[in-house]
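Q: My questions will all concern the structure given below.
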Amino acid sequence: QLATPGVAVRFGVPFTEYDTVFFGAGAEQTIIGTTVGVPNSYVTYANSYGKHSNAYPFTIGWAREERDNPLVPTRGKYQRVNLDFSVLGDVQYSRLNAQYNQYFSLTNKFTLGVNAEVGLGYGVKGKPFPVFKNFYGGGLGSVRGFEQGSFGSVDITGAYDGGPKRLNLNSELYFPVPGSGNDKSLRIFAFADAGNVWRAGQPMDPADLRASYGMGLSWVSPVGPFKLSYGLPLRSFAGDKIQRFQFQMGTAF
C-alpha cells in the first residue's frame, strides 16, 4: 500500500512580453504501508528513507513563449527550464528538466515542428534518487509506438520504474486533412521520435535510444488539443513493449 499526500503552491510571474519565471514550494509525505507484494523499488526506497518520509520541494523555472499560437503553432519557438529540489526533510534530491521546441512554416499548408527534452535527477548526501521522482519514457509525449511509461528500469516484480535520466527527440510534419482547405484546427501529421530513460549510474548512451515513426491526426477540440497516432518501431530491443495506436489530450508535443 502506498500513499503520497501533499500540498504545493506555484506562481508564474511574467517579466517580459515573452518570458515568465516560476516559483513554487510544497510539502509531501510518502507512506509505504507494507513491503509485502509491492515493487522491490518501494522496498529499496523504504530501506533508504523509511516507510514514512517527508520532503519539502522547491521549484524554480523559466519559460519563453514565442510561438504564433500555442494550440496550433505554425512558426516560432518555446523554451523552458525547470529545477525542483528538496533540501529539507528525509528525502533530499534535485531534478532538472529542460525543453526546446520550434515550428517552421514550410508553406501555407505545411508546418514542421521539432522538439527536444532532457531530464536529469540526482540524490544528495549519499542517498539514492527517490524512485517516486523518476522520469518515464515511451508512448505519447516521448516515443510513440511504445507502451506508455515502459522505458527505463524494470523492477524484478515487472513494474516499470523509469529512471533519473531522460531524453526525448521529436519531429512532426503537419498538413491539412484533404477537403478541409487550410483548416489548422484539424490536421494530419507524420512523425519521427527517439528517446529513452536511463537508470542511475548508467551513461546516456545514444546506442540505447529507441526510435519510431508513424502518422496521426491532430484536432483542437472544444475541450483542448487531441491527438490520435499510429506508430511503428524504427529501433527497438528485445523485451520492448509495442503499442501502435495511442491517443492523448494536452499540449502540442
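Q: How far, in nm, would the chain grow between GLU147 and LEU232 when pulled straight, counting 0.36 nm per residue and subtracting the alpha carbon separation?
A: Answer, rounded to one decimal: 29.4 nm.
Q: What FRET efficiency, computed as 1/(1 + (r/R0)^6) with R0 = 41 Å and r the Cβ-Cβ distance, is obtained for LEU88 and GLU65, rounded to the nearest 0.05?
A: So the FRET efficiency works out to roughly 0.80.
Q: Can I ask one more? Can you return the aspartates and glutamates within cross-link range of LYS51? Criterion is Cα-Cα under 16 Å, with same-chain partners fewer than 8 residues away left out.
A: GLU28, ASP90
Q: So with the 1.4 Å probe, I'd like the accessible area per residue for the chain, rounded to whole Å².
A: For the chain, the per-residue accessible area is 51 Å².
Q: So how much slack lies between TYR100 and VAL114, counting 0.36 nm per residue of separation and subtracting their Cα-Cα distance, in nm?
A: Here the answer is 4.2 nm.
Q: If the cut-off is a Cα-Cα distance under 25 Å, which lysines reach LYS227, setting aside same-chain residues fewer than 8 apart in sequence?
A: Reachable lysines: LYS77, LYS109, LYS184, LYS241.
Q: With r defined as the distance between the Cβ atoms of LYS77 and THR35 and R0 fixed at 41 Å, what FRET efficiency is calculated, to the nearest 0.05?
A: After rounding to 0.05, the efficiency reads 0.30.
Q: May I ask you to give the percent of accessible area on the range 3-120 that is carbon plus sulfur, with a probe radius of 1.4 Å?
A: 60
Q: Give me the distance in nm between label points sitting 7 Å out from Cα along the Cα-to-Cβ direction at SER180 and THR44, one decimal.
A: In this crude label model, SER180 to THR44 measures out at 4.4 nm.
Q: Would you mind working out the magnitude of the charge dipole of the chain relative to its Cα centre, with +1 at each Lys and Arg C-beta and -1 at each Asp and Glu C-beta, to the nearest 20 Debye? Working shown, then result.
A: Working: 23 positive and 18 negative charges, 31 e Å.
The dipole of the chain has a size of about 140 debye.
Q: Any chance you could give the angle, 0 to 90 degrees and rounded to 10, that helix 40-49 forms with the longest Cα principal axis of the chain?
A: Helix 40-49 and the main axis of the chain meet at about 60 degrees.
Q: Which whole-Hz couplings ³J(HN,Hα) result when phi for each residue of the range 18-34 is put into the Karplus expression 6.51 cos²θ - 1.76 cosθ + 1.60, θ = phi - 60°, listed in order with x for Gly and Pro?
A: 10, 9, 9, 10, 10, 9, x, 8, x, 9, 9, 10, 10, 10, 9, x, 8
Q: Another question, then. Mind putting a number on the dipole of the range 82-216 about its Cα centre? Charges go on the C-beta only, +1 for Lys and Arg and -1 for Asp and Glu, and I need it in Debye to the nearest 20.
A: 180
Q: Taking all protein chains as present, what is the carbon and sulfur share of the accessible area of the range 192-253, in % to the nearest whole number, probe 1.4 Å? If you can, show how the numbers build up before the last one.
A: Numbers: 2260 of 3540 Å².
Heavy-atom surface of the range 192-253 belonging to carbon and sulfur, 1.4 Å probe: 64 percent.
Q: Please give the peptides 62-72, 81-91 ranked by average Cβ packing (other Cβ atoms within 10 Å per residue), highest first, as a rough proxy for protection.
A: Output ranking for 62-72, 81-91: 81-91, 62-72.
Q: With Cβ to Cβ distances under 12 Å as the rule, what net charge do the other residues near VAL21 carry (K, R +1; D, E -1)?
A: So the surrounding residues net to +2.
Q: Okay, next question. How much FRET efficiency would the formula 1/(1 + (r/R0)^6) give for TYR122 and ASP19, where r is the Cβ-Cβ distance and R0 is 25 Å, rounded to 0.05?
A: With a Förster radius of 25 Å, E is 0.40.
Q: If you don't mind, there's one more thing I want to ask. Subtract the Cα-Cα distance of LEU209 and ASP155 from 0.36 nm times their separation in residues, and report this length gain in nm to one decimal.
A: The span from LEU209 to ASP155 would gain 17.4 nm if fully extended.
Q: Label-point separation (nm) for THR107 and ILE188, each offset 7 Å from Cα along Cα-to-Cβ?
A: Spacing of the two 7 Å Cα→Cβ label points: 1.4 nm.
The values are calculated or read from the model by the stated rules, or taken from the named source; none is laboratory data. Not measured: the values here are computed from a predicted model. Glycine gets a Cβ as well: all are built from the backbone with ideal geometry, and neighbour counts include every protein chain shown. Ligands, DNA and RNA are excluded from the accessible area calculation, which covers all protein heavy atoms including side chains. Shrake-Rupley method; radii C 1.70, N 1.55, O 1.52, S 1.80 Å.
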